[in-house]
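Everything on this sheet refers to the single structure shown next.
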Amino acid sequence: MSHNTFGHLFRVTTFGESHGPALGCILDGCPPGLDLVEEDIQPYLDKRRPGQSKYTTQRQEKDQVKILSGTFEGKTTGTSIGLLIENTDQRSKDYGDIKDKFRPGHADYTYGAKYGIRDYRGGGRSSARETAMRVAAGAVARKIIGDQITIHGGLVRMGDKAVPDNVRDWSVVNDNPFFAPDAKTADEFATYLDGIRKDGSSVGAVIEIVAFGVPAGWGAPVYGKLDSELALAMMSINAVKGVEIGAGMDVARLTGEENADEMRIENGKPVFTSNNNGGVLGGISTGQDVVVRFSVKPTSSILTLRSTIDKDGNETDIITKGRHDPCVGIRAVPIGEAMMACVLADQLLRHRGQCG
C-alpha cells in the first residue's frame, strides 16, 4: 500500500526514483482511437525539463519519453499505456556526505521512520523527479478532454514579489523562465532570484492553474467533488503545502453579498458576474473558468549550514551540495497543469459513465 496510483476511471500509476535507471508510468482507462505519438507528449516534458535556465537545477536530463504499449499505428488501443523516461545524468556522489544525515525540511527522516530504509541519492522516490511522469500522463489526459478545454498555468508569487491580482497575460508565460503571466513581474522575479541563488538559498512560490472551457456538470456531491479532487491532486505534488480554489482563503474576509457569484441570462445562457468559487459549486463545475492556486515551499537543499540529526540520533550540522532549484516552484507550473488535465479527464469519463 505505497499509494503510487491516482484517479478512478483514468488511472495513473508511476514508478521510479531520482537516481534509479528510469522513471515510468502506466495509464489505465484511456479511450481507444485517440491520436497519440511520442511527439504529442514531449513538448510538455520539455517545459518541465531541468537545466533550461540558471534559475533551475543544472541536472541535464533530456527526458525523452518512450511509449511502450497501448498504441497501434499512432492511435490508442484502449489497453494500458506504458511510458518510460530513462535517467541519464545522475550524480549520486553529491549525496555521499549526507547519506547518514537527515536534511531539515526534507522527507529523509519520515521515509526512514516509515520504511526503515531510504534512498539518500536525491531523495529517491520523494524527489520532484517523479513528477516527470505526471507531466507525461497529463499530455495523454489532454487528448481525452480535447481542444475545447485549454489549461494555463503560471507562477504568480515568489517570496514577497507577486503578479498583481488583476494582471493575467497567459500569452507571455512561455516567454520568460518563470512562466509568469506578466512580463514586468518576470523581470522582478529575475532580479530577486539572482540574489537568492547567489546566496546559496531558496525561496517559495505560488502557482495558479486555470482551465478554460470546462462545461457545467462535471464532478459529484460529497465525496467526488471536483474541487476536492483538484485539491488532492495539487497537494500530492512535491513540496506543496497549501491549495485554494477560486478566492480561497480570502473568502474569510468577504461578506455574503461580496462572495455570492450572482447570475444573469445573456443570449439565453446563464452567466456569472464573478468567480469567487473558482468555477465549482457543490463539488460540480459551473461552466466558468476552474481556478486553482497552490503554494510550494522553498527547497530544503541549500548551502546554508543547518542543524540536524543523523540516523544514530546524534546532533550534527548539514550543508546540501549538488544541483538544486533555488525556486522549485518554477518547474511546478507544468506539473500543476498536468494534474489539472488528469483530474478533468477522470471527471469527464466518470460524468459520461453516469450521465451519458
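The values are calculated or read from the model by the stated rules, or taken from the named source; none is laboratory data. Here the structure is a predicted model, which is why all the values come from computation and not from measurement. Note: ideal-geometry Cβ built from the backbone for every residue, glycine included; neighbour counts use all protein chains shown. All accessible areas refer to the heavy atoms of the entire protein, side chains included, with ligands and DNA or RNA removed. Shrake-Rupley method; radii C 1.70, N 1.55, O 1.52, S 1.80 Å.
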Ellipticity estimate at 222 nm from DSSP helix runs (n ≥ 4, -39,500 (n - 2.57)) divided over the chain, nearest 500:
-8000 deg cm²/dmol
Which cross-chain or sequence-distant (5 or more) residues have an amide H under 5 Å from the amide H of Asn87, H modelled 1.01 Å from N in plane?
Ala22, Leu23
When all protein chains stay in place, what accessible area (Å², nearest 10, 1.4 Å probe) is found for Ser228?
50 Å²
Which shape class applies to region 113-246: rounded if a/c is under 1.5, otherwise prolate when a/b exceeds b/c and oblate if not, where a ≥ b ≥ c are the square roots of the Cα gyration tensor eigenvalues?
oblate
Using a probe radius of 1.4 Å on heavy atoms only, what accessible surface per residue do you get for the chain? Whole Å² is fine.
48 Å²
Report the label-to-label distance for Ile319 and Ala260 in nanometres (one decimal), using points 7 Å from each Cα along the Cα→Cβ vector.
6.1 nm
Relative to the Cα centre, what is the charge dipole magnitude of region 146-229, using +1 at the beta carbon of each Lys and Arg, -1 at the beta carbon of each Asp and Glu, and rounding to the nearest 20 debye?
140 debye
Top of Val240, Val222, Val290 by mean-square fluctuation, Gaussian network on the chain, Cα under 10 Å:
Val222
So between Asp250 and Glu38, what do we pick up on full extension, going 0.36 nm a residue minus the alpha carbon distance?
72.2 nm
At a 1.4 Å probe, what is the % contribution of carbon and sulfur to the accessible area of region 164-203?
46 percent
By the gyration tensor of its Cα atoms, with a ≥ b ≥ c the square roots of the eigenvalues, what is the shape of region 172-240: rounded for a/c under 1.5, prolate for a/b over b/c, or oblate?
oblate
Of Val271, Gly282, Ile309, farthest towards positive along the dipole that unit charges on Lys, Arg, Asp, Glu beta carbons give the chain
Ile309
Given a Förster distance of 30 angstrom, what is the FRET efficiency for Tyr223 paired with Asn275, based on the Cβ-Cβ distance and rounded to 0.05?
0.80
Modelled label-to-label distance, Ala183 and Glu86, 7 Å Cα→beta-carbon offset: nm?
4.1 nm
If you roll a 1.4 angstrom probe over the protein chains with everything in place, what fraction of the accessible area of region 240-356 belongs to carbon and sulfur, to the nearest %?
49 percent
Measure off 7 Å from each Cα along the Cα-to-Cβ vector at Ser69 and Thr5, then give the distance between these two points in nanometres to one decimal.
1.3 nm
Reciprocal mean inverse distance between Cα atoms of region 218-351 - Kirkwood radius, Å:
17.7 Å
